[in-house]
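In what follows, a structure is listed as structure tokens, so that the remarks can point back to it.
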Amino acid sequence: MKNNKRESRVVIFSAPSGSGKSTIVKHLLGKYNNLGFSVSATSRAPRGSEQDGKEYYFLTPDLFRKYISEDKFVEYEEVYDGLFYGTLRSEVERIWNEGRVVLFDIDVKGGLNLKKLYGDNALSVFIKAPSLEILRERLVKRGTDTPEAIEKRVDKARYELSFEPGFDKVIVNDILSDCLLEAEKTTESFLSRSTTKQTLK
Ligand code: 5GP
């Protein structure tokens, strides 16, 4: 539901790679039209059919650096060696001005930073596979990475799991349909909460 009231809330989904986060985010966007997807900026090149302004704003490394120096990002991270990802202030403002709640698909550190920034106006959700072994099997089945790259992703996931306690809610993605229902329930309960004092300022 789109309305004319300016919003100031955000919903954050973070997860180690291969945990099914993007599937969940897409599902929620299809279900609730008062959620607006935050299109991140990145310095990586587009993959496959990705379009500028749809999946990402694709920036050159120089422009990305310039925007950092101009304080245009709410947060940014070097998610992979030499590849930057960040959320532009203008993107969050655009979605709030439409009266929508911002939905983030973001890495674990970025998710924690956004939660710190938005406090009670943020719902932060951590998605994880039932175990690192199952995560490894899923990455093998996906078939997009070399065995070395898979081990790197699993190592990174092990490290990222240590940040789980910093999130408001943890959902284990064992059976996808159950996980989607839990994500819906969690999101709905946050969206139905009356806006906080901070919002009304
Ligand atoms: P990919 O290159 O596969 O699209 O994304 C790589 C990772 O970067 C994913 O975990 C994704 O959630 C994360 N990511 C996407 N946008 C942002 C962002 O704006 N900030 C941060 N910190 N991470 C992001």
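The values are calculated or read from the model by the stated rules, or taken from the named source; none is laboratory data. Quantities reported herein were computed from a predicted structural model and do not represent experimental measurements. Heads up, the Cβs are rebuilt from the backbone with ideal geometry, glycines too, and the neighbour counts pull from every protein chain shown. The accessibility values were calculated without ligands, DNA or RNA, using every heavy atom of the protein model including side chains. Shrake-Rupley method; radii C 1.70, N 1.55, O 1.52, S 1.80 Å.
Against the definition (open to solvent by 30 Å² or more (accessible area, probe 1.4 Å) and more than 25 Å from residue 171 (Cα to Cα)), how does residue 22 come out, yes or no?
Details: open to solvent by 30 Å² or more (accessible area, probe 1.4 Å): yes; more than 25 Å from residue 171 (Cα to Cα): no.
Considered against the rule, which asks whether it is open to solvent by 30 Å² or more (accessible area, probe 1.4 Å) and more than 25 Å from residue 171 (Cα to Cα), residue 22 comes out as no.
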**Study point:** Matching option when the condition is away from the ligand (no atom under 12 Å from the Cβ), at pLDDT 95 or above, open to solvent by 30 Å² or more (accessible area, probe 1.4 Å) and of a type in the set (A, V, I, L, M, F, W, C), among 29, 112
**Key:** 29
Review point. Looking at residue 71, is it open to solvent by 50 Å² or more (accessible area, probe 1.4 Å), on the phi > 0 side of the Ramachandran plot and not aromatic (Phe, Trp, Tyr)?
Key: yes
Review point. So residue 79 clears everything in (1) more than 9 Å from the ligand (Cβ to nearest atom); (2) open to solvent by less than 60 Å² (accessible area, probe 1.4 Å) except one condition, right? Which one?
Key: (1)
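Restricting the search to region 55-71, which residues are of a type outside the set (A, V, I, L, M, F, W, C) and either near the ligand (Cβ under 10 Å from one of its atoms) or over 21 Å from residue 112 (Cβ atoms) (or both)?
Taking region 55-71 and keeping what is of a type outside the set (A, V, I, L, M, F, W, C), we get 55-57, 60-62, 65-67, 69-71.
Listed by number, the residues that qualify are 55, 56, 57, 60, 61, 62, 65, 66, 67, 69, 70.
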Revision key, fill the gap. All conditions in (1) closer than 15 Å to residue 23 by Cβ; (2) buried (at least 20 other Cβ atoms within 10 Å of the Cβ) are true of residue 176 except (2)
Point to revise | Filtered residues of region 16-26 (kept if within 12 Å of the ligand (Cβ to nearest atom) and modelled with pLDDT of 95 or more) | key: 24, 25
Exercise for review: Would you check if there is a residue in region 145-165 being open to solvent by 70 Å² or more (accessible area, probe 1.4 Å) and closer than 30 Å to residue 100 by Cβ?
Suggested key: yes
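Quick check, is residue 49 within 12 Å of the ligand (Cβ to nearest atom) and among the hydroxyl-bearing types (Ser, Thr, Tyr)? Steps first, answer last, please.
Details: within 12 Å of the ligand (Cβ to nearest atom): no; among the hydroxyl-bearing types (Ser, Thr, Tyr): yes.
No; evaluated as a whole, the condition is false for this residue.
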Review point. If the Cβ limit is 6 Å and pairs must be 6+ apart or interchain, which residue in region 113-129 that is without any contact (Cβ under 8 Å) to a residue 60 or more places away in the chain pairs with which residue that is surrounded by fewer than 23 Cβ atoms within 10 Å (Cβ to Cβ)?
Key: 113/75
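Of all residues in region 32-54, count the ones that are free of Cβ contacts under 8 Å to residues at least 24 places away in the same chain and buried (at least 18 other Cβ atoms within 10 Å of the Cβ). Talk me through it step by step, then tell me what you get.
Just the residues of region 32-54 that are free of Cβ contacts under 8 Å to residues at least 24 places away in the same chain, to begin with: 45-54.
Adding the requirement that they be buried (at least 18 other Cβ atoms within 10 Å of the Cβ) leaves none.
The number of residues fulfilling the criteria is 0.
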Revision key, fill the gap. Here the residues within region 164-194 that are among the acidic types (Asp, Glu) and within 18 Å of residue 35 (Cβ to Cβ) are 168, 182, 184, 188
